[in-house]
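Data first, discussion second: the structure below is written as structure tokens.
The values are calculated or read from the model by the stated rules, or taken from the named source; none is laboratory data. Being a predicted model, the structure only gives us computed values, none of them experimental. Methodologically, a virtual Cβ is constructed for each residue, glycine included, from the backbone with ideal geometry; neighbour enumeration extends over all protein chains shown.
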């Protein structure tokens, strides 16, 4: 069949070539649709259900909201698991679906279920699904602040409330319309509210309750439509406007009538613009500000959306009040552009190097160009494939593309064609007639097509283990493997079709097999060296074996890392404070922190989000702050060569002096991924499930003791669940009844007085603001005097709060975590100096024996050990199977197990070079490097394949083993050198690059370069020796 | 040879697959390093980490941490209450006609200030047809007048004269507060626009079935700015004691479920569990745990608590 295709290609060569145009068209069209980002998206398919519950404590949130929501989700199709957290004022249920579930389908299902439980939830609470975005979603951030000295229209300076109003009502509505933006999330400042703050004394004096006040405000703040009337044939609409508009209006609302005198709001309360009880704040360079974050819709192109947002922000500027400054502080475009520039540079330079090498070694410009043409064509075909399969272009997916590897097949074919064409021309002494030329091309192609096809097939097969990775590793490396496989397959198809067609069309002139000087010199050295090696074969083999042994030992001494971390350029400093730290305290601690960081000459700006933003995409408690540190371009640093790690260490040291903060240093995208994927990040997590938090905590502490006593356990700890000091107002039922009060009366008073009660909305055009009744700040803030708060009695008079309720200040759960519909407490531990599997087994056994759980409580084991276990198990099956497939392919190609194994010997030999070079460059073993080893095995096999195929053919034709080996090896020297050179040179720019994102590609490129050098050398010497050794008997027979 | 090859391949496969395992461990050691970094100078063990905080003088200054020496002080415990102003029972008089008769003349009208003995009205007695004069029993203000010239004065009160200086405050004392209240205690009365001081003169139980008792205190009203019926708030000083060792309440923090203050010695801040005595909401008596003269952190003591506990903090969600 292959022969038929090649024949067709050669005969219908112009048709074949015209297909190139089609391919270019499709490729360019696809390119415009290719999603481009910096890193692959590793977020799982998840939907967050947020319910804001103002005033609810964690326990109430869990009981009243989280539980019904979770229960409603039972039995959703494709549901993987749910987890939830209940905090002050917020319930967040995260629903994780199986990979591959359509997000819109999932959201639809959830929406349906949520609709059914509306009646179960407390009135006024509305569960909402989080934005349809992934970990890459936060693409653009900006701050809103006022120029120094700028004033508002009323002459007052801009405060946080006014800035937030600008953000919410001028900027946000406009930015939210940018295509591809799913949400504009605001944090910082205060939502403007109208506050009515009654004095308890005046209420008491005039016999008005808080409820009366709220009721009066509610009853006096509405517009009403009243249909229409017809007058003289004209239709008149009737309406009665009654909405309150200004503070003055609110003050004049009548609450009651006392002896004919109207009692107005003004008589009992003050009315003013007030501050909401906010859950989050924002600071920048040590000053409070407002931060807006644009979230990108899942699957959009982050670069173009970020750019569109940035452009729209420029359009918005003129519409802003005077003195208001809006500045973009984080723009994903920068990172993506840098990453793309790195990839582009690597690919371009690699391609150029490949072309130069081809030209030098083939000595024929046309041939070199034909071979090189495969590069852009297969690139276009790959892009088309990526768009079709939904793989985005990023550092990882484009990171393993090596044009040298891609053109290998074409190189072998073109080289053979040239050799044969030159040979035929020499034989006839003239240019060949068309028909003969076509015949030669066809024969030359089919002669080497089988080994090169097998080679490409083998390289493709070795990528199979990567597809077996799951979870985060899978998401990181699947696109990489997919892209490489697509590129290889398309290159393979081209070398069957377009390459022979092009050779037939373009290689018409005189072709002298002018051996380039390099090749002649190489042959001059190679022949005696090979003969020498064949003579001293045992020492050579021994040397190779020793080298291998040394390298295996070296490999075990190499450091290791999981996935090389992409440096995003910017960094984030998560400042962690003890639970229970208030928002204002947190801000007070954040400001000096930011000033310290800002003082570094390398830092351009620092901004932070503290607590939870408006849309709880990241529900942080107020004691945690995410600080984004945006660095200046390196040219502007005092020392542009300062390593990033050194800068981080310096910043760490500087902020470490500030009391009360703990820090975690990450990067923006990395942090976002961590937040979304979350789960247990330690080696081992033992989850205690149950009902009663105290019981669970006891059980967890027992488990902790067991874990700590097991050898190798470090950092063992129980998840902190308490620590939020809570002031409980316990009603005294007897006392209440004595005064004719109910528990409800008391709770209403406390809730309305301290938390505030919503009494309607105040409209200012489109803008709407809440009207809230609550006690004055001085009374609210003073915990001691809360006991004296007068509780009005139904028959007039009052009773102090302490008389009818007991006030208790005690630590309470600051957060309740649940998983799969049950409360859980996690014990985490890491392992050091011990194998993880044995450690986990021992703990499981000990826990089973020593920990006695009450009925209704159970344990579950999780953590990274699970992924490692499943990955190791899977790889333990997949890798041998892959090797078997390769051997089977080789056996198929040669119909000889012996030859297959000879070729296979190239693999370990190739690995030695990779290990050596890693060691020389002081790089750790990582999955990236692992992928390099995998690619390397493929190349090594390809080398050996071509060599052995030729030697065998020669041997069969000539009959003399040793001379066949030498001749065959010499003939194949050029293609072997060429494929090796192009493959390794193609990776050189990648191995040397230091740009953004290069750290992901560097280990891979390093391994391939080192490995190809060693495998080429060893293929050229060890393989012929092995061949002669193993086939000696056959010859005698 | 084949076997050797195979072994080599397997070995290299092991290297490949073993990669992640090592990697993960390494990852975590990095992680925990980051956690511990800040506390490195404080030693390796968590126990020793949580004993004290080390903050340089300059940093403490910047962070607004201020300390002062503990010493003797005065505690003033108060109870707050609300009550209405009422006229002095001695200072209110309902003037009636001694003998029924016709009013012939009225000398005082509503709102007039009258002196003691000043004539209020003249009445002609029905029995004797002799006129007699109704006089003010004491100096005060006419707050009610129910009679006019020509009318018959009978049983009803004709005038109400009230002496508005002094007034009395009737404070409601609820059962939970009763034990603390005694006559003679100082009362600070806030009328909304002025502060007055007085003492509780007596405590009157109610017989209306209400659970509270009334504490009464006199309040001067020389300018007569106050009027009966007005609601005032009051704080009753139930105890005023000199204590050998007091601290400010804002210095107190809860650490490991016990109340502590942070004692400063140079750059070192050490939590000191203290046994608390009485408190007045602003100052608290120290029974043990702190010696007079030791410097304890008053302002921003929360920062020190945060610094000591910070090593246990992580972002768990």
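Some notes on this structure:
One line per residue, one yes/no per condition, for (1) in the same structural domain as residue A:187 (by TED's automatic domain parsing); (2) surrounded by fewer than 18 Cβ atoms within 10 Å (Cβ to Cβ); (3) farther than 16 Å from residue A:142 by Cβ:
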site	(1), (2), (3)
A:255	no, no, yes
A:261	no, yes, yes
A:287	yes, yes, no
A:295	yes, no, no
A:305	yes, no, no
A:308	yes, no, no
A:313	yes, no, no
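- Restricting the search to helices (runs of 4 or more DSSP H) fully inside the range A:730-796 and requiring at least 2 residues that are buried (at least 17 other Cβ atoms within 10 Å of the Cβ) and in contact (Cβ under 8 Å) with a residue 40 or more places away in the chain gives A:733-738, A:743-750.
- Some residue of the range B:74-88 being at pLDDT below 85 and either farther than 30 Å from residue A:803 by Cβ or not in a strand (DSSP E or B) (or both): yes
- Considering residues of the range A:588-601 that are away from chain B (no Cβ under 13 Å) and surrounded by fewer than 19 Cβ atoms within 10 Å (Cβ to Cβ) only, the residue nearest to residue A:628 (Cα to Cα): A:598
- Residues in the range A:632-651 that are crowded, with 16+ Cβ neighbours inside 10 Å, in a helix (DSSP H, G or I) and without any contact (Cβ under 8 Å) to a residue 60 or more places away in the chain: A:647 alone.
- Scan of the range B:195-236 for residues that are more than 14 Å from every other protein chain (Cβ to nearest Cβ), touching a strand residue (DSSP E or B) at 6+ places or on another chain (Cβ under 9 Å), assigned to a loop (DSSP other than H, G, I, E, B) and surrounded by fewer than 19 Cβ atoms within 10 Å (Cβ to Cβ), ordered by number: B:220, B:224
- Condition check for residue A:823: more than 29 Å from residue A:692 (Cβ to Cβ) and more than 14 Å from every other protein chain (Cβ to nearest Cβ): no
- If you filter the range B:268-284 down to residues that are part of a strand (DSSP E or B) and under 19 Å from the mean Cα position of the chain (by Cα), you find that the one that is farthest from the other protein chains (Cβ to nearest Cβ) is B:277.
- Residue A:720 meets the conditions (1) within 13 Å of chain B (Cβ to nearest Cβ); (2) outside any strand (DSSP E or B); (3) closer than 27 Å to residue B:310 by Cα; (4) out of contact with any helix residue (DSSP H, G or I) (no Cβ under 9 Å at 6 or more places or on another chain) in every case but one. The failed one is (4).
- Odd one out for residue A:610 among (1) away from every other protein chain (no Cβ under 14 Å); (2) assigned to a strand (DSSP E or B); (3) more than 14 Å from residue A:597 (Cα to Cα): (1)
- Lone unmet requirement of (1) under 27 Å from residue A:62 (Cα atoms); (2) assigned to a helix (DSSP H, G or I); (3) outside the structural domain of residue A:688 (by TED's automatic domain parsing) for residue A:807: (2)
- Of the strands (runs of 3 or more DSSP E) that lie entirely inside the range B:120-194, those containing 1 or more residues that are touching a helix residue (DSSP H, G or I) at 6+ places or on another chain (Cβ under 9 Å) and within 14 Å of chain A (Cβ to nearest Cβ) span B:186-190.
- Some residue of the range B:245-252 being part of a strand (DSSP E or B), under 19 Å from the mean Cα position of the chain (by Cα) and away from chain A (no Cβ under 14 Å): yes
- Boolean, residue A:455 is under 43 Å from the mean Cα position of the chain (by Cα), on the phi < 0 side of the Ramachandran plot and in contact (Cβ under 8 Å) with a residue 40 or more places away in the chain: yes
- Top-ranked residue of the range A:975-1011 - restricted to ones that are under 15 Å from residue A:360 (Cα atoms) and either surrounded by fewer than 22 Cβ atoms within 10 Å (Cβ to Cβ) or not assigned by TED's automatic domain parsing to the domain that holds residue A:1022 (or both), ranked as modelled with the highest pLDDT: A:977
- Restricting attention to the range A:828-871 and to residues that are without any contact (Cβ under 8 Å) to a residue 12 or more places away in the chain, in a helix (DSSP H, G or I) and exposed (fewer than 15 other Cβ atoms within 10 Å of the Cβ), the residue that is farthest from the other protein chains (Cβ to nearest Cβ) turns out to be A:849.
- Residues being within 14 Å of another protein chain (Cβ to nearest Cβ), within 45 Å of the chain's Cα centre (by Cα) and over 22 Å from residue A:732 (Cα atoms) - total across the range A:760-798: 1
- Flag if residue A:244 is in contact with a helix residue (DSSP H, G or I) (Cβ under 6 Å, 6 or more places away or on another chain), surrounded by 19 or more Cβ atoms within 10 Å (Cβ to Cβ) and within 24 Å of residue B:233 (Cβ to Cβ): no
- Per-region count, the range A:915-924, residues at the interface with chain B (Cβ under 10 Å from one of its Cβ atoms) and within 14 Å of residue A:1011 (Cα to Cα): 1
- Condition check for residue A:568: more than 13 Å from chain B (Cβ to nearest Cβ), within 30 Å of residue A:726 (Cα to Cα), in contact (Cβ under 8 Å) with a residue 24 or more places away in the chain and part of a loop (DSSP other than H, G, I, E, B): no
- Cβ-Cβ contacts under 8 Å between residues 6 or more apart (or on different chains), taken from a first residue in the range A:391-406 that is touching a residue at least 24 places away in the same chain (Cβ under 8 Å) to a second residue that is in a strand (DSSP E or B), are listed as A:392/A:36; A:393/A:36; A:394/A:36.
- Residues in the range A:297-329 that are over 20 Å from residue A:147 (Cα atoms) and either at pLDDT 90 or above or in a helix (DSSP H, G or I) (or both): A:297, A:302, A:303, A:304, A:305, A:306, A:307, A:308, A:309, A:310, A:311, A:312.
- Of the residues making up the range A:652-702, those that are within 13 Å of chain B (Cβ to nearest Cβ), over 27 Å from residue A:592 (Cα atoms) and not in a strand (DSSP E or B) number 8.
- Every listed requirement among (1) closer than 29 Å to residue B:235 by Cα; (2) more than 11 Å from chain B (Cβ to nearest Cβ); (3) at pLDDT below 85 is met by residue A:812 save one, (1).
- Test: residue in the range A:1018-1025 that is touching a helix residue (DSSP H, G or I) at 6+ places or on another chain (Cβ under 7 Å) and at positive phi: no
- Count - residues of the range A:626-648 that are closer than 30 Å to residue B:66 by Cα and either within 11 Å of chain B (Cβ to nearest Cβ) or out of contact with any helix residue (DSSP H, G or I) (no Cβ under 7 Å at 6 or more places or on another chain) (or both): 1
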